[in-house]
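**Student:** Below are the structure tokens for one structure; questions will follow.
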Amino acid sequence: MATAAEINELKEKVAEACRVLARLDLTREPAGHVSARIPGTDHMLIKARGPRESGVRYTTPDDIVEADMEGNIIGLPEGLASPREIFIHTWMYKKRPEIGSVIHIHPPMVVTFTVVDKPLLPIYGAYDPGSLRLLLDGVPLYDKSVLVNNDELGEELADAIQDKEIIMMRGHGVTAVGPDPAGAGINVILLNEIAEMNYKARLIGEPRPISDEDIASFKSAGRRTGAAGGGSAWETYRRMVDA
Ligand SMILES: [Zn+2]
């Protein structure tokens, strides 16, 4: 059972991930929520919505509430409500016992690629091996543009992501998972990076995927992205945006 101090620490990590992603302009306010599974329980901590909520970029631990895996908020503070799309989180945790965090957010550049028939291509390697690996691992598309606001849709989305680390949602956003909020957050940042570069490449010409041989060299490295704590990159982003 997590202690009160551990819960508070986890609340701060959830709030921090909200602030970092929003300050990197990876969502339109106030859309987006980060959650973390409370270790050893079937409860989570999640960014709440409602009249008293802070914007995603200003999230504090006071905006984070506890919920069960049916989406019920425990002891909901006045002025806060559960996100309507809490079913994204409940179903990811139910279907993926290995994950510790879920992030649903609306990064504009990634959303742009969900609304055209232009795939994200593996156009670079050494520039950013992490985002290349994330793409090569497979990034599924959830083809509906509706709010995921009930159990049926939540389960459908969780089935659609399979065992991957991030899924694009058509005309909507992304849902990323990871061992903790920083690890899931890095997955959002990496996917956005390769989307930005694909977009820029299309502005000036026809993007050219790197060779199969080069792709194989990155695949064979085998390391998955979104490591616990987000690696050193997360700390850099956190400091960069003063979150
Ligand atoms: Zn959404």
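**Student:** Quick one, what does Rg over Rh come out to for region 1-95 if you take C-alpha atoms and the Kirkwood Rh?
**Tutor:** Across region 1-95, the Cα-based Rg/Rh ratio is 0.94.
**Student:** Still on this structure, please answer the following. Name the residue from PRO77, THR112, LEU141 whose Cα lies farthest towards the positive end of the charge dipole of the chain, charges +1 on Cβ of Lys and Arg and -1 on Cβ of Asp and Glu.
**Tutor:** THR112
**Student:** Would you work out which of ASN198, SER232, TYR58 lies farthest towards the positive end of the dipole of region 4-240, given +1 charges on the beta-carbon of Lys and Arg and -1 on that of Asp and Glu, about the Cα centre?
**Tutor:** Projecting each Cα onto the dipole axis, the largest value belongs to ASN198.
**Student:** Quick check: net charge around PRO209, other residues with Cβ under 14 Å of its Cβ, Lys/Arg +1 and Asp/Glu -1?
**Tutor:** That sum, taken over residues with Cβ under 14 Å, equals 0.
**Student:** Still on this structure, please answer the following. Send over the Kirkwood Rh of region 140-243, from the inverse of the averaged 1/r over different Cα pairs, rounded to one decimal Å.
**Tutor:** 15.8
**Student:** So what's the projected area for the chain, the Cα convex hull averaged over all directions, in nm²?
**Tutor:** Averaged projected hull area, Cα only: 12.8 nm².
**Student:** Can I ask one more? Which residue, THR41, THR90, THR27, tops the fluctuation ranking in a GNM of the chain built on C-alpha contacts under 10 Å?
**Tutor:** THR41
**Student:** Tally Lys and Arg at +1 and Asp and Glu at -1 over the other residues with C-beta under 9 Å from the C-beta of ALA243: what net charge comes out?
**Tutor:** Overall, the nearby charge balance is +3.
**Student:** While we're on this one: Could you identify which residue out of ILE186, ILE88, ILE204 has the top mean-square fluctuation in a GNM of the chain using Cα springs shorter than 10 Å?
**Tutor:** ILE204
**Student:** While we're on this one: Any of LYS13/LYS118; LYS144/LYS200; LYS95/LYS144; LYS11/LYS164 with alpha carbons more than 29 Å apart? Name them for me.
**Tutor:** LYS13/LYS118
**Student:** Shifting gears a bit: Could you work out what % of the accessible surface of the chain is carbon and sulfur, using a 1.4 angstrom probe and leaving DNA, RNA and ligands out of the count?
**Tutor:** The nonpolar share, carbon plus sulfur, comes to 51 percent.
**Student:** Considering only protein heavy atoms, what per residue accessible area in square angstrom results for the chain with a 1.4 angstrom probe?
**Tutor:** With the other protein chains kept in place, the chain gives 46 Å² per residue.
**Student:** Amide H to amide H, which residues 5 or more places from HIS43 or on other chains are under 5 Å from it, using H placed in the peptide plane?
**Tutor:** Under 5 Å from the amide H of HIS43 lie the amide H atoms of ILE38, each far enough along the sequence or on another chain.
**Student:** Let me ask something additional. In percent, how large is the relative contact order of region 3-113, given Cα pairs closer than 8 Å and 6 or more residues apart?
**Tutor:** 30
**Student:** How high is the relative contact order of region 4-240, given as a whole-number percent (alpha carbon pairs under 8 Å, six or more residues apart)?
**Tutor:** RCO, region 4-240: 21 percent.
**Student:** Quick one: net charge of PRO77's neighbours, Cβ under 11 Å, K/R +1, D/E -1?
**Tutor:** Neighbour charge sum, excluding PRO77 itself: -4.
The values are calculated or read from the model by the stated rules, or taken from the named source; none is laboratory data. Because the structure is a prediction, the values reported are computed rather than measured. Glycine also receives a Cβ, built like all others from the backbone with ideal geometry; neighbour counts cover every protein chain displayed. Ligands, DNA and RNA are stripped out before the accessible areas are found, and what is left, the full protein with its side chains, is counted by its heavy atoms. Shrake-Rupley method; radii C 1.70, N 1.55, O 1.52, S 1.80 Å.
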